[in-house]
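To keep things clear, I will list the structure first and then write my remarks on it.
The numbers here are math on the coordinates, done by the rules we state, and not lab data. Fair warning: this is a prediction, and the values are worked out from it, not measured in the lab. No Cβ is skipped: glycine too gets one built from the backbone with ideal geometry, and neighbour counts run over all protein chains shown.
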Amino acid sequence: MKLIGKINEYNGKYGTIITQNNEFVDFDFKDVSFNQNVSIGDIVEFRLETKFPNIKIARNINVISDIQINSNRLKDDNL
Amino acid sequence: MNRITMSLPKPILKRYVLNHFSELSIEEFYQVSKRIDIPAYYISKNSVLSRDPKVLSYMLDINKNSFEYFKPEAFSIECINKIANLDAEIQYHHIDKFPMLLQNSKICESIIKEFPTFLKKLDESQITENIISILENSYYIPDEEDINKSSLFLKSEKLMERAVSKNPLLILRIEEPSETIIRAALCKGYVPEKAHFIYNPYLLNNNSLLMKAFENDPSMIVYFDSEKITYESVMSARERGFVASEEDLLNNIYLRNNQYIMEDAIKKEPRLIRLLGDNCYIDYILIKETLEKYKITKEDLEKNPALAKNHSLISLLPEFSLYSAYLTNEEKQKAIAKVLCNSHVLTTSDLPFLDSKFGGKADISKINELLKYFDVSINETDLNIQQGYLQVLDKIVDGIVNIRYTQNKFSFKYPDIVALNDSLIQLFSNVISTKNYELISEYVKELHSFIGESIPIELLKNEIEKYYNIYVSNQPIDLSITNEFCNKILNQHRNHFMRNEKNKILADIEKKMKLTEKKKTTLLNGRKISKIENLIKTNNYQQLGITEEQFMTEISIVINSIVNNKDIRKLKIQFDDLKIIQIVNVFKCYGRLDVNRINNILGINNSEVSKFIVRKFEQIKFKFINNVTLTEEESHISQWDKSKLGGLNQTNYVIGDGDRCITNLSELLVNLDEEIVTKILDNKDLIRDVSFLLPFINLIDELDIKTYINILVDYDRIKSKITSTIDAFENTDFTTVVLKKIDDLIFLANAYSSIDDITLFALGREIVSEIGEHNSSKYLEFYTQMASKQSGSIPPISLSTPNYYLESGIYSDPERLLIGKKPNKDSCIDLLNPAGVRTYNEVLLQNSGDVILIRDSQKRLDSRILLFRRGNVIQMVTRAGERLPIDFKTIANQIIQQSIANNDNIDYVFVNKYSSNLIDGNYVLVKDSRFVNNFSHADFSDSALLLSSKRQMQGFEEKELELDFDIEPKCSYQKPRKKISYEPTETEITRLRALKIAMEINPETKENMSRNFEPFYSKEYAKVICGEDWYIAIKNDGTVEELILPIKDSRILEEIEKIKDTLGIETKNIELESMLTDETAITNEVQGIKR
């Protein structure tokens, strides 16, 4: 499912995103859409995957602006 | 001329001047010309005037055409330009007389326009683009002289076409002649020669020229690309005596893949076998004979790596087996292990398959760098060191057991305390409603077994009854009451599960462990002793390597030592002859003694003495232990033998096993590619944290080589994650931490290396587990092409037998991706195997190929048969050596029946002899080299069995076969459609959603779709129906959701509209309609036959 969060830690290869529910989700740079530059503090939208037993991983990560955040809240983005 | 003369009346003056014109000076001329008109032609009479540029210029102002009366000397640049600017009427003869006029470009151009042939008078600088343009609009045909003069001609398509039409050889002057010019040359009878192509290689781009040249010179085949090297062209060349030389083969690699070319070349010059192509299947006997005349060398392979991919050749070169593209992973591992036993550095000369030329996937220098971090030398005999390994193994097993508990938790009868509490409530309710109190006893028994009988059954019963009493007194049974009990039960179950699991794991590990040398020797010695006993029993002293006398001498020595033993003597035991003989006889009869028998014989009740005597006699057998050898069968130590040893410990087994280290390391290296090894080396400073795990890899399923690679690749990330969850281990060696957190290590490694859920859902878990997560994305990309295939040239078949179900033509069946894994994981017919990828591509993507999937009665994929069509022939082949209890004739008949029904030109169905030696029945064997050469598959022989034909099917006798491998198929067969499902599973719908994303072309759209991807949850929908490549779902709130894969099949629209009608949905899918409108236009051209 699609979530929004903030880059919490990042060392150029991997890091964590903190979600609106204060959950930490791991991510790898290869899962950042189109190799965008990401930095700590960036607001991102992503798809959450949960791997056994309960490891959360972010895919298709996209850095979003404030305008986009508001627009995303309004839009229905289902398939 | 004086003043008087000048003052004469004009007519008289004019007469005078004209009579004396030749004597006129320039000054006088100017004077008189002011008064009288002098005819221009008079200028020519005066040699001074006619040579003067100023006079000419003056005269031009009067008469622009007066220049013709002057001499060439008068023509200054200014005069020439004036003549041009005045547009004087310049005639052909003027140029002859006054060639300098051509210095003026305007004059030049106007002359050339009028008289193009004057071009010859121009020099290079005078031939401008304007001149060229003028000539293009004229009739002028340039010749070689013209072209030599100016290269501008070569740039004019029009002029060159004319030039070539007259003199075709001029085509050689053009760097890149157009099709038109080439046609013009050919029409004029131009016959290109080899030298022309050498001179201007651009000409090679033109088919017409090449083929024309080939008509006259068969050696032109050297310039043919792979498409032109056909059976006909090769035969034509051969008939005219062409035999490829070394230079020819070096210049054109496509020739190297042609059977006939190579056979002729090799027969003439055996050493040319070293230039054989990877896909060239020449006669087996010829190869063998040639190899006797010429020995392929290592250098040959290095220079022509294609030899390693040529199955026929490389299979005859066992000395170069390590170069072969057909080496299995297992063979590679063994080869690496052999090198690692003696060296810690790998080289491509020892292991050629590690070289990228021969299929190596990772840079060998990186592999060697990685090797530095692994220690394979282990002291296997030091029990303390081995004990250390055992402790490590124990911790690993504990971690794995934790993993298994976590994985299985939700499949337990009571996964949590809530479930347990609920079961109590259910039990009590059932007891009351059925009035059957026995249910409680049954429940208690079950619970007792669930916890491994770790709590006495009575105690359990008491607890349950206590809760029952609470229940019947109408009080609620909830966790506030049962919490402690439930937790106790689940903990006991956990302990029971983990204990059992640990025992299972240790028992499995024991099977894989090798015995210590000492234990092995003990076991084998025990067998030797048994053997000696038998030999003694049967008086077979010869096999003991001694005589009976020698045996008796040994016995005497032992008896003496017993009798004279001071402890025995102290006890005053009677050893008379009779008793001694009895003891000896027992020993000779049974090969052994026992304590009770000795006591009886000696009439004593002293086990110490008897044991002493037994031991002494046993020593006799040990004296001969080296005289006895065990056969291979007798030396074999079975799992059952191992199970009697007393468990996994360092005295029985080598825990830290150097051989296993090497084997694991070899397997690790075989599974590396450039990307993986680079990622591992990025973490090289941390490898030592986990390199100690090497001896333990592959002992337990959860810690196999793939998981280990995942750990190595992402170790920095994993370590960072684990470190963040622990505080009490700051100063602890991380190896200790790794062991304590081995379950987390494995979970994280697998999670971080896992594939995207979209790929997983699109392909399915089973497919992914077969092909490996690492490669899944490549297979998914390939699968999207497979799913888009709509028709082929081979009719689909389906066949059911009691044990199997066979089916072909379902191009979008994802299990087709596994034809390289079934029936055997080491088949080279696979997407990622360079040796077999061509075949894989053909059978799964191209019209000329297909595959029959064979499934067992449980619908599990068991095996496959590959199908190829060439012209009017279909050839089938199975995996080499596979025995399939399948009736191939029925398959062949189905194909022919469809060919007849659809008016197709499939006339014959064969099965290649390579796989047909296992087929029963009398079939005609046909030998034709085209069964090999016309097919890309490596495992064909040049003979095939004819299974069915049109003539046979129609009841006619088979006449001489008319095999035509080149004729175009008359018909294509549409893919059968999967039936519509009215109750599809969540997995099926999720798969369609995932495929929709995978098939999206626009990268941005794809990313957005991926980000929004969710699995399908049926509880959110009132209804869902799905077809092969679409679904329609109605949400609980009435919203209609529709998804269609971008596959151009006009039948989709029909299906969807029908379903929508049934569901009462009116919306039209515009995207689908426009997509299919394009497709309809194309479909109308295809001779498709619907099934």
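Simple rule: put +1 on each Lys or Arg Cβ and -1 on each Asp or Glu Cβ in the protein assembly as shown, find the dipole, and look at B:Asn596, B:Val873, B:Leu1043; the Cα lying farthest toward the positive end is B:Asn596. For B:Ile432 and B:Arg951, the difference between the fully extended length at 0.36 nm per residue and the C-alpha to C-alpha distance is 179.1 nm. Here's the picture: charge each Lys and Arg Cβ at +1 and each Asp and Glu Cβ at -1 in the protein assembly as shown, and of B:Thr180, B:Leu648, B:Pro168 the one pushed furthest to the positive end of that dipole is B:Leu648. For the peptide B:753-765, the mean number of other protein chain Cβ atoms found within 10 angstrom of a residue's Cβ is 2.
Counting only Cβ charges, +1 for Lys and Arg and -1 for Asp and Glu, the dipole size of region B:217-326 around its Cα centre is about 260 debye. With an a/c value of 1.5 or above and a/b not larger than b/c for the gyration tensor axes a ≥ b ≥ c computed over the alpha-carbon atoms, region B:223-276 is described as oblate. Averaging 1/r over every pair of different alpha carbons in region B:517-636 and inverting the result gives a Kirkwood radius of 15.2 Å. Prolate is the label for region B:384-475, because a/c, from the alpha-carbon gyration tensor with a ≥ b ≥ c as root eigenvalues, is 1.5 or above and a/b exceeds b/c.
Each of B:Ile562, B:His636, B:Val609 was scored by the projection of its Cα onto the charge dipole of region B:517-636, and the greatest displacement toward the positive side belongs to B:Val609; charges sit on the C-beta of Lys, Arg, Asp and Glu.
A simple charge model with +1 on the Cβ of Lys and Arg, -1 on the Cβ of Asp and Glu and nothing else charged puts the dipole of the protein assembly as shown at about 2140 debye relative to its Cα centre. With a cut-off of 12 Å between beta carbons, the residues surrounding B:Leu818 carry a summed charge of +1, where Lys and Arg count +1 and Asp and Glu -1. Charged side chains reduced to their Cβ positions (Lys and Arg at +1, Asp and Glu at -1) give chain B a dipole of some 2120 debye around its Cα centre.
For a straight C-alpha distance cut-off of 23 angstrom, the lysines reachable from B:Lys978 (same-chain residues fewer than eight places away being disregarded) are B:Lys789, B:Lys859, B:Lys996, B:Lys1023, B:Lys1048, B:Lys1058, B:Lys1060, B:Lys1068, B:Lys1090.
Computed over neighbours whose Cβ is under 13 Å from that of A:Phe52, the net charge equals 0, Lys and Arg +1, Asp and Glu -1. The slack in the chain from B:Arg1051 to B:Asn137, taken as 0.36 nm per residue of separation less the alpha-carbon distance, amounts to 323.2 nm.
Working from Cα pairs under 8 Å separated by at least six residues, relative contact order for chain B is 6 percent. I'd like to know how chain B sits against the 2.2 N^0.38 Å rule of thumb: what's its Cα Rg over that expected value? Taking the Cα Rg and dividing by 2.2 N^0.38 Å, one obtains 1.56.
Think of it as helices only: each DSSP H run of n ≥ 4 in chain B is worth -39500 (n - 2.57), and spread over all residues that comes to -15000 deg cm²/dmol at 222 nm. Report, please, the projected area of region B:770-876 averaged over directions, based on the convex hull of its C-alpha atoms, in nm². Projected area, direction-averaged: 6.8 nm². Taking the protein assembly as shown, how much of its Cα-Cα pair set, in percent, is spaced more than 54 angstrom apart? Summing the P(r) of the protein assembly as shown above 54 Å gives 51 percent of all pairs.
Backbone amide hydrogens, once placed in the peptide plane, bring B:Lys1023 within less than 5 Å of B:Ile1034, excluding anything fewer than 5 places away on its chain.
Taking a ≥ b ≥ c as the square roots of the eigenvalues of the Cα gyration tensor, an a/c ratio below 1.5 marks region B:790-974 as rounded.
Couplings 3J(HN,Hα) for region B:393-409, derived from phi with the Karplus relation 6.51 cos²θ - 1.76 cosθ + 1.60 (θ = phi - 60°), are 4, 4, 5, 4, 4, 4, x, 5, 4, 4, 4, 5, 5, 4, 5, 8, 3 Hz, where x marks Gly and Pro.
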